Amino acid sequence: MDVRVGDVLTMKKQHPCGSNEMLVLRSGMDFRLRCVGCGREFMVPRSKIEKSIKRINRENER
Ligand SMILES: [Zn+2]
């Protein structure tokens, strides 16, 4: 799955704060994500994140 820095991921599961959108801050073996709702950041292994992505939103592609 092609996930890039700057993408906003719509997740299948909601974060406890109620948002299901995550901004990608870093990609690689592990992803660094920031919750759009509450601003919390976390590291997630690629294998885990790929299963929970519902949609990739890429605004900066023209
Ligand atoms: Zn949150």
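The values are calculated or read from the model by the stated rules, or taken from the named source; none is laboratory data. Quick caveat, the model's predicted, so the values are computed rather than measured. Reconstructed Cβ throughout: ideal geometry from the backbone, glycine too, with neighbour counts over all protein chains shown. Ligands, DNA and RNA are excluded from the accessible area calculation, which covers all protein heavy atoms including side chains. Shrake-Rupley method; radii C 1.70, N 1.55, O 1.52, S 1.80 Å.
Tell me which residues, restricted to region 6-62, are on the phi > 0 side of the Ramachandran plot and in contact with a strand residue (DSSP E or B) (Cβ under 7 Å, 6 or more places away or on another chain). Gly6 - this is the single residue of region 6-62 that is on the phi > 0 side of the Ramachandran plot and in contact with a strand residue (DSSP E or B) (Cβ under 7 Å, 6 or more places away or on another chain). Within region 24-34, can one find any residue that is in contact with a Ser or Thr (Cβ under 6 Å, 6 or more places away or on another chain) and not aliphatic (A, V, I, L, M)? For region 24-34, residues in contact with a Ser or Thr (Cβ under 6 Å, 6 or more places away or on another chain) and not aliphatic (A, V, I, L, M): absent.
From the list Lys12, Lys54, Lys48, the one residue that fits, being in contact with a helix residue (DSSP H, G or I) (Cβ under 6 Å, 6 or more places away or on another chain) and open to solvent by 90 Å² or more (accessible area, probe 1.4 Å), is Lys12.
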